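Here is the structure we will look at, set down as structure tokens.
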Amino acid sequence: MSKRRVQIVILCEDRQQEVFARSFLKKRGFRGLFTANICPAGSQSGEQYVRTQYPVEVKAYREKRNELSIGLVVLIDADTGTLEARLNQLASVLEEDEQKKPKNRKPNEAIAIFVPKRNIETWIHYLQGETVNEEDAYAKFEKNEAACKTAVEDLADRCYSQSLPEDAPRSLQAACGELQRLLPLLQP
């Protein structure tokens, strides 16, 4: 796989999501500039922040994509809702924004949306070998966000080889599919 340098913008709720995304993408061969747009602590809910920043980041991506090799990675927890509901919510935010068409992601746009259900810790605990469900809240890794790196790198390999176990959380399986939106950025 090529080691082409790309610019990746990571829009996320917190530092744990940013570490997860950065580790995953680096393992898949992404090199270059990573820019994180993380919800400022104590300002609002992380989910609300990502929703309000999403149209801003999509607009910036669309303005730059013809001049740069750029991708946008969005992480937003499903919380107690569904993966589909969160994706529809983001699509609605773009429709409400007064951007020119297309108002939704086009198939050829390098905009990947990862929606952990219940939250990112569900995925991490699963990747570390625990039995999980997507309804319970799992312990955070505060001040130790990098503890997930080895498990996330293993996930990147499993997504690439399409060998994610069948018992993986459904939202995690969907995230592997979202990786396909970014892979063209690695082509020469």
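Averaged per residue, the stretch 129-188 has 61 square angstrom of accessible surface, using a 1.4 angstrom probe with ligands and nucleic acids left out.
Only Lys, Arg, Asp and Glu count, each charged at its Cβ (+1, +1, -1, -1), so figure out the dipole size of the stretch 35-118 about its Cα centre, rounded to 20 debye. The partial results should precede the final answer.
Working: 13 positive and 12 negative charges, 51 e Å.
I would put it at about 240 debye.
Go ahead and run the numbers for FRET between residue 59 and residue 130, Cβ-Cβ distance against an R0 of 45 Å, rounding to 0.05. That pair, residue 59 with residue 130, gives E of 0.70.
Write down the Å³ per residue value for the convex hull defined by the alpha carbon atoms of the chain.
Details: hull volume 21.6 nm³, N = 188.
Convex hull of Cα atoms, per residue: 115 Å³.
Here the spin labels are modelled as points 7 Å beyond Cα on the Cα-Cβ line, and at residue 33 and residue 183 they lie 2.7 nm apart.
Unpaired cysteine residues in the chain (no second Cys Cβ under 4.7 Å): 12, 39, 148. FRET efficiency for the residue 154 to residue 82 pair, using the beta carbon distance and R₀ = 35 Å, is estimated at 0.85.
Determine the per residue accessible area of the stretch 5-101 with all protein chains present and a 1.4 angstrom probe, expressed in square angstrom.
Details: 4600 Å² over 97 residues.
With all protein chains present, the stretch 5-101 gives 47 Å² per residue.
Among 109, 166, the order of accessible area from largest down is 166, 109, computed with a 1.4 Å probe on protein heavy atoms.
At 222 nm, what helix-only mean residue ellipticity would the chain give, in deg cm²/dmol to the nearest 500, using -39500 (n - 2.57) for each DSSP H run of four or more? Write out the running numbers ahead of the final one.
Numbers: 6 runs with 76 residues, N = 188.
Value at 222 nm, helices only, nearest 500: -12500 deg cm²/dmol.
Per the 1.4 Å probe, what fraction of the accessible area of the stretch 51-122, in percent, lies on carbon and sulfur atoms?
Details: 1570 of 3470 Å².
Using a 1.4 Å probe with all protein chains present, the stretch 51-122 comes out at 45 percent carbon and sulfur.
Report, in listed order, any pair from 59/106; 27/117; 117/143; 26/64 with a Cα-Cα distance greater than 20 Å. Checking Cα-Cα distances, 27/117; 117/143; 26/64 exceed 20 Å. Counting only heavy atoms of the protein chains and using a 1.4 Å probe, residue 49 has close to 30 Å² of accessible surface.
The values are calculated or read from the model by the stated rules, or taken from the named source; none is laboratory data. None of the values given here were measured: they were computed from a predicted structure. Methodologically, a virtual Cβ is constructed for each residue, glycine included, from the backbone with ideal geometry; neighbour enumeration extends over all protein chains shown. Keep in mind that these areas ignore ligands, DNA and RNA; they rest on the heavy atoms of the full protein, side chains included. Shrake-Rupley method; radii C 1.70, N 1.55, O 1.52, S 1.80 Å.
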